[in-house]
Structures are given as structure tokens and as C-alpha cells.
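A.B. asks: Just passing along the structure, written as C-alpha cells.
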Amino acid sequence: MDENLNEMISDLKSYLEYLKGMGIHSIPASEIEVDKPGPSPVMTLEEVRKELGDCKRCKLHRARRTIVFGEGNESAKLMFIGEGPGYDEDVQGRPFVGRAGQLLTKIIQSINLPREEVYITNIVKCRPPQNRNPEPDEIQSCHPFLMKQIRVIQPKIICALGTFSAQTLLKTDTKITALRGRFYDLEGIKVIPTYHPAFLLRNPERKREVWEDMKKIAEWLNNHERIKESDSI
Ligand code: SF4
């Protein structure tokens, strides 16, 4: 078979897979354009939130007060994904607003970005009782919605905060100490794991490593922007 045709078929397959991932199982024939440059977002965050509804897909719904969906810039270049809401987040319905959240805000500002510029969410959207670790079935139930958020936002970089976030996104059981500080790939998006701010509150001597990771993020984003600018000249 002709090489171009093979490529077109492969592009079409990826596009259909992408739509399937977004929950769309059929499209009118007129919308199939095999020469489209990659998939574009077909949902908004509001629509993803609407689809999540008053979610009872896992047992975490029983003790939660609010679903903490996430907040920030829908077109963020940088996305932070933590583990799950804690007490303050559950009360306020916003991610990372307690002590760990205040530290995260400082971490974001350390690379000259205002918090509103990034998008922040968690692996599970409901608070695990007594702040226990989220369990595999809970992570699995919530995962499709996290993936939809990522596909709508299409950030350049995801910073995975802590073990559960890094291991879930990278589908690995490697420890965070070994994962942190390197770039990995998730559907063409760079993922860099680092320590969770709550861990840093208990182990302030590890802040330096997070600072190193943040510098890598800033450097990548700056270089990327520079390349884009020189492309448009
Ligand atoms: S954690 Fe996620 S899947 Fe579980 S009830 Fe909350 S929103 Fe639904």
C-alpha cells in the first residue's frame, strides 16, 4: 500500500481513538478529515464537570462535602496534579487551599507565574476519609475525568505532585524519589514528577530538589516560547 495512504489511515485511527477517549462514539462522515493536524479539543472543562455531575462512581462520595474538580486557566501551559483534596479543600471546594496549597502557590510563583495562570487538580476529586491514601479502585473510577481535563487543557507540561499522581499518570510503581526531576511523555505532553507540597511541609530539607525541578520546568517553557517566537518572525 502507498506510504501516504498508510499514514492517513494511521492519523484517522488516532483521531477516532481520541474521540472515543472523549466519550464520542460516532461522528458524521463530513467531519472526518484525515489531513487534520492532530486532534483538537471537542469538550470544555464545563462540559467535563457537567458529565461528572453529582458523582457517586466510587466510595469516596460517601464522606465528601464537595467535589473538588480543579481550578485555573483552561488553556494553561502548565498543569499541576496532586493526590486528592484534604479537609480545607473539601470544605471550600477548591484544590490546594490549605497549608500545602499555600506552599504550592509559592512554588508556582517561584518561577514567575501567577497561580491563576496554571491549572490545578487532583487524581481523585473527593477527599479520602482522614486523608488516607486513595485506593486503586477510586483512582481508576476518577481517572477518565482527569484524562478529559488534560485533553481539554492540552498543557505543555504536567507537574505530577507526589507518588500517587506520578505513578498514576506514568502507569508505574516506581518510587517518587526515582521518578522526580525527569521528563516523561503522556500523549505528547511532558510530565515531570516532583514531591508533594504536604511532604515538603514534613521534610523541608527536600525543598531544594523541588526548586531544581521547577527550574527545569521554567527553562523548558522559556525555550519553547522562544522557539515559537522565532518561528513567527
Ligand atoms: S473521587 Fe472521583 S469517581 Fe470517586 S466519587 Fe469523587 S468524583 Fe466520583
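The values are calculated or read from the model by the stated rules, or taken from the named source; none is laboratory data. Because the structure is predicted, anything quoted here is derived from the model rather than measured. Please note: Cβ atoms are built from the backbone with ideal geometry, for glycine as well, and neighbour counts cover all protein chains shown. Remember, those area values only see protein heavy atoms, side chains included, never the ligands or the DNA or RNA. Shrake-Rupley method; radii C 1.70, N 1.55, O 1.52, S 1.80 Å.
A.B. asks: Just the residues that are more than 13 Å from the chain's Cα centre (by Cα) and within 23 Å of Val97 (Cα to Cα), please, taken from the stretch 136-161. First the steps, then the outcome.
C.D. replies: Filtering the stretch 136-161 down to residues more than 13 Å from the chain's Cα centre (by Cα) leaves 136-141.
Within the stretch 136-161, Glu138, Ile139 meet the criteria.
A.B. asks: Right, something else. Going through the stretch 70-82 one residue at a time, which ones are surrounded by fewer than 20 Cβ atoms within 10 Å (Cβ to Cβ) and either acidic (Asp, Glu) or within 14 Å of the ligand (Cβ to nearest atom) (or both)?
C.D. replies: Listed by number, the residues that qualify are Glu71, Glu74.
A.B. asks: Also, quick follow-up: Considering only residues that are near the ligand (Cβ under 9 Å from one of its atoms) and open to solvent by less than 70 Å² (accessible area, probe 1.4 Å), which ones fall in the stretch 54-67?
C.D. replies: Cys55, Cys58, Lys59, Leu60, His61, Arg64, Ile67
A.B. asks: Could you tell me whether any residue of the stretch 214-221 is out of contact with any Lys or Arg (no Cβ under 6 Å at 6 or more places or on another chain), aromatic (Phe, Trp, Tyr) and closer than 21 Å to Pro95 by Cα?
C.D. replies: no
A.B. asks: Do you know which residues across the stretch 122-138 are within 16 Å of Pro197 (Cβ to Cβ) and within 11 Å of the ligand (Cβ to nearest atom)?
C.D. replies: Listed by number, the residues that qualify are Asn122, Ile123.
A.B. asks: A follow-up question, please. Just wondering, is there one or more residues in the stretch 65-83 that are touching a Leu at 6+ places or on another chain (Cβ under 6 Å) and among the small types (Gly, Ala, Ser)?
C.D. replies: yes
A.B. asks: Among the candidates Gly82, Gly93, single out the residue that is at positive phi and either of a type outside the set (S, T, N, Q) or touching a residue at least 60 places away in the same chain (Cβ under 8 Å) (or both). First the steps, then the outcome.
C.D. replies: Working: Gly82 fails: at positive phi.
That would be Gly93, the only listed residue that is at positive phi and either of a type outside the set (S, T, N, Q) or touching a residue at least 60 places away in the same chain (Cβ under 8 Å) (or both).
A.B. asks: Still on this structure: Just to verify a result, which residue in the stretch 154-172, among those that are more than 28 Å from Ala63 (Cα to Cα) and open to solvent by 10 Å² or more (accessible area, probe 1.4 Å), is nearest to the ligand (Cβ to nearest atom)?
C.D. replies: Leu170
A.B. asks: List pairs: first in the stretch 128-155 and over 13 Å from Thr168 (Cβ atoms), second of a type in the set (Gly, Ala, Ser) and open to solvent by less than 40 Å² (accessible area, probe 1.4 Å), Cβ under 6 Å, 6+ apart or cross-chain?
C.D. replies: Pairs found: Pro128/Gly84; Asn131/Gly86; Ile153/Ala76; Pro155/Ala76.
A.B. asks: Another question, then. Identify all residues within the stretch 83-103 that are within 12 Å of the ligand (Cβ to nearest atom) and either among the hydroxyl-bearing types (Ser, Thr, Tyr) or outside any helix (DSSP H, G or I) (or both); write none if there are none. Explain how you work it out, then say what you get.
C.D. replies: We begin by selecting, within the stretch 83-103, every residue within 12 Å of the ligand (Cβ to nearest atom); these are 83-85, 90.
Within the stretch 83-103, Glu83, Gly84, Pro85 qualify.
A.B. asks: Are there any pairs with C-beta distances below 9 angstrom linking a residue in the stretch 180-198 that is in contact (Cβ under 8 Å) with a residue 24 or more places away in the chain to a residue that is open to solvent by 30 Å² or more (accessible area, probe 1.4 Å) and assigned to a strand (DSSP E or B), with the two at least 6 apart or on different chains, and if so which?
C.D. replies: Phe183/Lys190; Lys190/Tyr184; Val191/Tyr184; Val191/Asp185; Ile192/Tyr184; Pro193/Tyr184
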